[in-house]
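Below is one structure; the comments refer to it alone.
What follows is calculated from the coordinates using simple rules that are stated; it is not laboratory data. The model shown is predicted, which means the values in this text are computed figures rather than measured ones. Neighbour counts run over all protein chains shown; Cβ positions are idealised from the backbone, glycine included.
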Amino acid sequence: MFIKTLVLSNFKSHTYSSYQFGKTNHFFGDNFTGKSSIGDAIVFGLFGVSRHGYKMYIKDYLQEGATTMYVEMIIQIHNQDYTIKRTMTAQKGTTSVFLNNKPVKEKEIERLVGDYKAFVYCFFPDFFPDEDKSSSRAFLIDHMFSERNDYDELEKEKARIIREQKQIHSNITFYEGQKVVLKKQAIAMVNNPDPILPIEHVNAEIKTIQTELEKITNETQEQIENGIELKSQLKSFIEQMAELESDVRLSGERCPTCFQPISSEQFETITNLKKTRYYDLKKEIDKVETGIGNAQENYANLLKRKAQKEQRLQTLQMMISYQQNINQVSQHSTELINVENKLHDLTIKKKALSDELKRMKHRQGVAANDYQNQINQHLTHTSIELFKVLKNGELRPDFQICYKNRTYRVLSNSEKIRCVLEIVSLINTFTSYKYPLFLDNMEGVTHLEPPEDIQIITATVKKGVPLTLKVKD
Ligand SMILES: Nc1ncnc2c1ncn2[C@@H]1O[C@H](COP(=O)(O)OP(=O)(O)OP(=O)(O)O)[C@@H](O)[C@H]1O
Ligand SMILES: [Mg+2]
């Protein structure tokens, strides 16, 4: 791009100024004569924004007291001349833009003159190093490697792999936990050495035993009741016997009611009756005692049988629960195998992902190297580092500008200018516009070697001199 003419009307302190530019153009003038305003006017004319890209500040460019303002330029792009005129009114505060005297939309101008950022990075060369690191870095990468930004593609891939790795890691933790639980459960289950009968047999036997146990319980109850009955009979017989034994009446005694003396015949009859009764009672007591003995024996036998049956019942019930355990164990071992298979698959996947990540990192290293080489081959004393190598050897995106191995921040004013001129040459390799360059406040710089193939406008303070343009070539 070549700016052939520039006309300012009511632009800041310029009520009306008109300039014809050549390849190298030097403005001289005292303070406040409007040197820096030339740079502002060119950015405004082309893009309708302030030098830092703000639309809202352009209203301040309207000269105090004026109602309208315009900047008009004839520019040459790829050997073709274009007239661009931008006007602004006080009331609306908006601009209108004309291309070759026809009102046009902003997009059309942008198509013609390119991107604001690329322009200002070339036109005001100190902007690029002052920009925040990520924007300057993104600008270079987007413009130089827009078609194949391998590094960023690989970065996205890496992020995806790392996400997958995290997922796999949490899955592995989950299944490891499940494995431990299943193993514990399996050990608890396999602990019953009893022989196993078919389950139908076991169930049938349990039913029989339960019926038998019911019968035994009933019989036991009968024996208890029988025993109680016999014991109460025995008690009564023993009492009767005791009564009989205590009744020791002698011959010649008197009757206790009528006080008549008992005759010896009567006494003998009584004694015989007592004897018969005594023997009868003795027989009854023997019979009842035998009955009690039998009842006790029966009772003991019943208890023994009950205990045997109950023991068998317990064994059978254990057989059932073992059978159930066995089913559970086999179910369990299937689950355990599933979990182990899953863990195996996950471990293989984990390994594959970590290999893939290594490959990505390697490819990123190659891409980063390639970027650095491509960028730095256009620079002489300046170098731009787009990556930082971490202690572990990994690369991190970064952005550092150095000149003769010194970081930009510590450079002298003229070194900074030399450094940014190299960067401008680099930017011009991919913009194809070869934008002009505006170097303001040049009074401190004694000599410069600006790029030869671009238009240069400089501004230098010169005491007591009104704004003057000196054109070379
Ligand atoms: N809207 C405006 N109307 C009138 N004058 C303005 C307006 N905006 C800025 N100015 C003035 O224009 C003058 C020129 O500004 P400019 O920055 O171009 O001067 P300069 O020649 O670069 O000065 P220096 O040598 O101090 O850098 C300044 O005095 C500034 O205050
Ligand atoms: Mg100035």
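A few points about this structure:
- Between region 1-18 and region 416-445, the Cα center-to-center distance that results, in Å: 22 Å
- Amide H contacts of Phe124: Phe438, each under 5 Å away and 5 or more positions distant or on a separate chain (H built 1.01 Å from N in the peptide plane; Pro and chain starts excluded).
- The chain: angle of helix 199-246 to the longest principal axis, Cα-based, in degrees nearest 10: 40 degrees
- Inter-label distance for Ser354 and Ile224, nm, one decimal - labels placed 7 Å from Cα along Cα-to-Cβ: 7.3 nm
- Take the Cβ atoms of Phe430 and Asn338, set R0 to 41 Å, and the FRET efficiency comes out at 0.10.
- Taken along the Cα-to-beta-carbon direction at a fixed 7 Å, the label points for Glu176 and Arg409 span 4.3 nm.
- Three-way shape call for the chain based on the alpha-carbon gyration tensor, with the a/c threshold at 1.5: prolate
- For the chain, share of DSSP beta bridges that run antiparallel, in % to the nearest 5: 85 percent
- In a DSSP loop and with at most 11 other Cβ atoms within 10 Å, the trypsin sites (Lys or Arg not before Pro) in region 404-473 are Lys463.
- Relative packing of peptides 123-129, 224-230 - highest average C-beta neighbours within 10 Å first: 123-129, 224-230
- Of the trypsin sites (Lys or Arg not before Pro) found in region 134-234, the ones in coil according to DSSP and having at most 16 other Cβ atoms within 10 Å of their Cβ are Arg148.
- Label zone (Asp142, point 7 Å along Cα-to-C-beta; backbone nitrogen cut-off 18 Å) within region 430-444: 430-433.
- Hits among aspartates and glutamates - C-alpha to C-alpha of Lys274 under 13 Å, sequence gap 8 or more where chains match: Glu243, Glu245, Asp247
- All aspartates and glutamates inside 13 Å of Lys388 as judged from Cα atoms, apart from same-chain residues fewer than 8 positions distant: Asp398
- Distance from the Cα centroid of region 68-114 to that of region 134-193 is 53 Å (rounded to whole angstrom).
- Aspartates and glutamates with Cα under 17 Å of Lys184, excluding same-chain neighbours fewer than 8 positions away: Glu176, Glu335, Glu340
- Protection proxy ranking for 110-120, 4-14, using the average of other Cβ atoms within 10 Å per residue and placing the highest first: 4-14, 110-120.
- Net length available on complete extension from Ala66 to Asn441 is 132.2 nm, with 0.36 nm assigned per residue and the Cα-Cα distance removed.
- Gain in span if fully extended, Ala242 to His169, counting 0.36 nm per residue against the direct Cα distance: 16.8 nm
- When shorter helices are ignored and each DSSP H run of at least 4 residues is given -39500 (n - 2.57), the per-residue value for the chain at 222 nm works out to -20000 deg cm²/dmol.
- With 0.36 nm allotted per residue and the present C-alpha distance subtracted, the Lys158-Val104 stretch has 14.9 nm of extension available.
- Residue by residue, region 272-285 carries 3J(HN,Hα) couplings of 5, 4, 4, 4, 4, 4, 4, 5, 4, 4, 4, 4, 4, 4 Hz when phi is fed to the Karplus relation 6.51 cos²θ - 1.76 cosθ + 1.60 (θ = phi - 60°); x denotes Gly or Pro.
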